[in-house]
Amino acid sequence: SQLITTQDGKKAASFSNDGTVYIIAPESGEVEASLLLNAAGLTVFNLSNDGALLAWGTGKGEVSVFEVAYSQVIDTFRIGNKAVQSLAFSPDGAQLAVAGNPYQLLIRDISTKKALLRSPLEAGQISPYEWLSYTGDGDRIIGIRASEFAVHNAATGEIVPASLSDLRAPELIALAPSGDVLVVANREQNPLWAYDLKSLTVLVEAASDK
């Protein structure tokens, strides 16, 4: 089973092993929708901020976008033949960012069903991003894999110069509801980071006492 929340914290969704997805309003605990999906081999899924769209990726590189209100798949595409590692909707739900071999980042327009950007893995990069998220304004995309942290311009895909020390395989990652502060936790050296994504500066760097 998997559980995710939207960036603004107003919606949550759980996916069970039998293919059932529950969309929940965390404040009230109300189940807003219960859906049975044909999503064999699912590796990752996400929900748009307004709860209107679901997206999931499979172990064979296939990505599907599902419209909740009409209970139907509105787009399916393949990014490769290996597992989709991560995906994220833009704050307005107009775009979907996907990471999976051979791409470290692919951005797809939901309405036109066309790729706006393809950024292949570069030499020395052995895996796609394991975690993706847009910033609150939708202008930037954060990608994390193993010990690497990157901030991309959402329009061009270019990496925005940023400074952050070795993340040492983060175990917990969270984005503030505003989408402007990233928090990463690890039990090893520097177990807690808080990073301002607007100014690209470290707000908190809590070192381990080991």
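I'm a student and want to see the number: the projected area of the Cα convex hull of region 75-157, averaged over all directions, in nm².
Its average projected convex-hull area is 5.1 nm².
Could you run the Debye sum over the Cα atoms of region 91-135, one equal point scatterer each and no solvent, and tell me log10 of I(q)/I(0) at q = 0.18, 0.20 Å⁻¹, two decimals?
Listed by q, the Debye log ratios stand at -0.53, -0.64.
Please compute the Kirkwood hydrodynamic radius of region 33-117 from all pairs of different C-alpha atoms, in Å with one decimal.
It works out to 12.6 Å.
Where only protein heavy atoms count, and the probe is 1.4 Å, what is the accessible area per residue for the chain in Å²?
50
Report relative contact order for the chain in percent, whole number only (criteria: Cα-Cα under 8 Å, sequence separation at least 6).
10
Determine the share of the chain's accessible area contributed by carbon and sulfur atoms, expressed in whole percent, with a 1.4 angstrom probe.
The value for the chain is 49 percent carbon and sulfur by accessible area.
Could you compute how fast region 1-72 diffuses translationally, taking Rh as the Kirkwood radius over C-alpha pairs and applying Stokes-Einstein at 20 °C with viscosity 1.002 mPa s? Give it in µm² per second.
Diffusion coefficient, whole number: 176 µm²/s.
If you wrap a convex hull around the alpha carbons of the chain, what volume per residue comes out, as a whole number of Å³?
Per-residue hull volume (Cα only) is 126 Å³.
Pick out, in residue order, every one of the chymotrypsin sites (Phe, Trp or Tyr not before Pro) in region 11-74 that is DSSP loop and has at most 10 other C-beta atoms within 10 Å; say none if there are none.
Listed in order of number, the matching sites are 70.
Quote the charge dipole size of region 50-93 about the Cα centre in Debye, to the nearest 20; the model charges only the Cβ of Lys and Arg (+1) and of Asp and Glu (-1).
Roughly 340 debye, rounded to the nearest 20.
With an 8 Å cut-off on Cα pairs and a minimum separation of 6 or more residues, tell me the relative contact order of region 1-93 in percent.
Relative contact order for region 1-93 comes out at 21 percent.
Among 45, 64, 13, whose Cα projects farthest towards the positive end of the dipole of the chain, with charges put on the beta-carbon of Lys, Arg (+1) and Asp, Glu (-1)?
Of 45, 64, 13, it is 64.
The values are calculated or read from the model by the stated rules, or taken from the named source; none is laboratory data. Bear in mind that the values here come from a model prediction, so they are computed numbers and not experimental data. Positions of Cβ are generated from backbone atoms using ideal geometry, with glycine treated the same way; all protein chains shown enter the neighbour counts. To get the accessible areas, we keep the full protein, side chains included, count just its heavy atoms, and leave off ligands, DNA and RNA. Shrake-Rupley method; radii C 1.70, N 1.55, O 1.52, S 1.80 Å.
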